[in-house]
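**Student:** Sharing a structure here in structure tokens format.
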Amino acid sequence: MRIQILASMLFVMAASARGAVVSYECTSFPEEIGWIRDTFCEPDRYLKNGWLFQHVESGCGGPPNGDRDSYVASVAQFEGEEEFFIEWHMQTTGDSSEIDGVAPALLSAWSFGPVLYHFTIAKDQVRFIRDFDAPTVWTDIEPDVPHTYRLELFGADLYVWYIDGQVIDSGIPGAAYPSFTPSISWRAKSWFLESTTQWDYIRYGTIPEPSSGDFDSDDDVDLDDYYFFQDCITQPNIDAGPGCVWADFDGDSDVDLIDFAHFQAAFTGSDG
């Protein structure tokens, strides 16, 4: 559901850094907004309907170790941030037998220190590696549909990993992140089998204040925030999930017309 807003508030959304959030919305190729691309063999990629598609095959390097299409970006601008999130929406056709080869899809938050958050994603299963001495977590997912993955980090006190709004794993991390020259990387890769991975968005930054309407934590409520508010809209009594607490003005777990009225009242424009 998308609420129509006044014509005077129409705008064009571009993938970029906003306030304390970085958002890649997959409407352009990642390197156009600063991601560093690295490839092996000849992966195929294309943009379609707001998604980035990566098709990889065993290719010239294998099997094992075929095509690879990878991206990395520093998150040093958030180093020392006490409340940090990463959220991504995607799906892949890759088989879970590829996970041992760190394929078919991966997203990793890593650093040159002791902390690591490493997700290897297949069509029906996800492997989560946290730090280097913590137990590996495996979870099954519904195949052939996109899922929303979210990692919330609270310094060295707590991490929480969600899939589609449900807590999959949580605990005390080995150290705070982002720290120790932190980066985020993501990719599609073939180990033995071909697959297609598609990404809708990748977002990371400061966790916004609850019921603030300020998604990007830049101390105003403007059209950038409205873009993300639309993603949170639900029917009444339908949980909008942890990524939408900032848009839930009345604290009832959904984001509906009542919350939209509050958002309109809080709207300040980009000047704050």
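**Student:** How many residues does the range 200-224 hold that are out of contact with any helix residue (DSSP H, G or I) (no Cβ under 6 Å at 6 or more places or on another chain), on the phi > 0 side of the Ramachandran plot and crowded, with 22+ Cβ neighbours inside 10 Å?
**Tutor:** 1
**Student:** Go through PHE249, PHE228, PHE192, PHE180 for me and flag whichever is under 16 Å from ARG150 (Cβ atoms), in contact with an Asp or Glu (Cβ under 9 Å, 6 or more places away or on another chain) and not aliphatic (A, V, I, L, M).
**Tutor:** PHE228
**Student:** Name every residue in the range 250-268 that is part of a loop (DSSP other than H, G, I, E, B) and closer than 11 Å to ASP214 by Cα, in order of residue number.
**Tutor:** Once the filter is applied, which keeps residues that are part of a loop (DSSP other than H, G, I, E, B) and closer than 11 Å to ASP214 by Cα, the range 250-268 yields PHE267, THR268.
**Student:** Could you look through the range 120-169, keep only residues that are of a type outside the set (A, V, I, L, M, F, W, C) and free of Cβ contacts under 8 Å to residues at least 12 places away in the same chain, and pick out the one that is farthest from HIS89 (Cα to Cα)? Explain how you work it out, then say what you get.
**Tutor:** Let us first name the residues in the range 120-169 that are of a type outside the set (A, V, I, L, M, F, W, C), namely 120, 123-125, 127, 130-131, 133, 135-136, 139-140, 142-144, 146-150, 152, 155, 157, 159, 162, 164-166, 169.
From what is left, the residues that are free of Cβ contacts under 8 Å to residues at least 12 places away in the same chain are 135-136, 166.
Numbers: PRO135: 25, THR136: 22, GLN166: 14 Å.
Among them, the one singled out is PRO135.
**Student:** With respect to PHE128, is the statement that it is part of a loop (DSSP other than H, G, I, E, B) and assigned by TED's automatic domain parsing to the domain that holds GLU25 true?
**Tutor:** Judged against the criteria, PHE128 is not a match.
**Student:** Against the conditions (1) small (Gly, Ala, Ser); (2) touching a residue at least 60 places away in the same chain (Cβ under 8 Å); (3) surrounded by 21 or more Cβ atoms within 10 Å (Cβ to Cβ), where does ALA247 fall short? Just the number, please.
**Tutor:** All conditions pass for ALA247, except number (2).
**Student:** Please go through the range 38-83 and pick out each residue that is among the charged types (D, E, K, R) and without any contact (Cβ under 8 Å) to a residue 40 or more places away in the chain.
**Tutor:** Matches in the range 38-83: ASP38, GLU42, ASP44, ARG45, LYS48.
**Student:** For the list (1) surrounded by fewer than 22 Cβ atoms within 10 Å (Cβ to Cβ); (2) within 16 Å of the chain's Cα centre (by Cα), I need the number of the one condition that THR197 fails.
**Tutor:** (1)
**Student:** I want to confirm something. Restricting to the range 38-95 and keeping residues that are under 16 Å from the mean Cα position of the chain (by Cα) and assigned to a loop (DSSP other than H, G, I, E, B), which single residue is surrounded by the most Cβ atoms within 10 Å (Cβ to Cβ)?
**Tutor:** If we filter the range 38-95 for residues that are under 16 Å from the mean Cα position of the chain (by Cα), which is where we start, we get 50-53, 70-75, 78, 83-92.
Narrowing further to those that are assigned to a loop (DSSP other than H, G, I, E, B): 50, 75, 83.
Working: GLY50: 11, VAL75: 20, GLU83: 16.
Filtering the range 38-95 for residues that are under 16 Å from the mean Cα position of the chain (by Cα) and assigned to a loop (DSSP other than H, G, I, E, B), the one surrounded by the most Cβ atoms within 10 Å (Cβ to Cβ) comes out as VAL75.
Yes/no per residue for (1) touching a helix residue (DSSP H, G or I) at 6+ places or on another chain (Cβ under 6 Å); (2) surrounded by 15 or more Cβ atoms within 10 Å (Cβ to Cβ); (3) within 17 Å of GLN198 (Cα to Cα); (4) at pLDDT 95 or above:
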| residue | (1), (2), (3), (4) |
| --- | --- |
| ILE121 | no, yes, yes, yes |
| ARG130 | no, yes, no, no |
| ASP144 | no, no, yes, yes |
| TYR149 | no, yes, yes, yes |
| GLU152 | no, yes, no, yes |
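**Student:** Right, another one. Which condition number in (1) modelled with pLDDT of 95 or more; (2) farther than 19 Å from SER28 by Cα is the one that TYR71 fails?
**Tutor:** Every listed condition holds for TYR71 apart from (2).
**Student:** Which ranges mark the strands (runs of 3 or more DSSP E) fully within the range 166-223 that have 1 or more residues being among the hydrophobic types (A, V, I, L, M, F, W, C) and closer than 30 Å to GLY59 by Cβ? Walk me through it before giving the result.
**Tutor:** Details: elements: 166-171, 183-189, 195-206.
Once the strands (runs of 3 or more DSSP E) in the range 166-223 are filtered for at least 1 residues that are among the hydrophobic types (A, V, I, L, M, F, W, C) and closer than 30 Å to GLY59 by Cβ, what remains is 183-189, 195-206.
The values are calculated or read from the model by the stated rules, or taken from the named source; none is laboratory data. The shown structure was predicted, so the numbers you read here are calculated from the model rather than taken from an experiment. For neighbour counting, all protein chains shown are included, and Cβ atoms are generated from backbone atoms with ideal geometry for every residue, glycine included.
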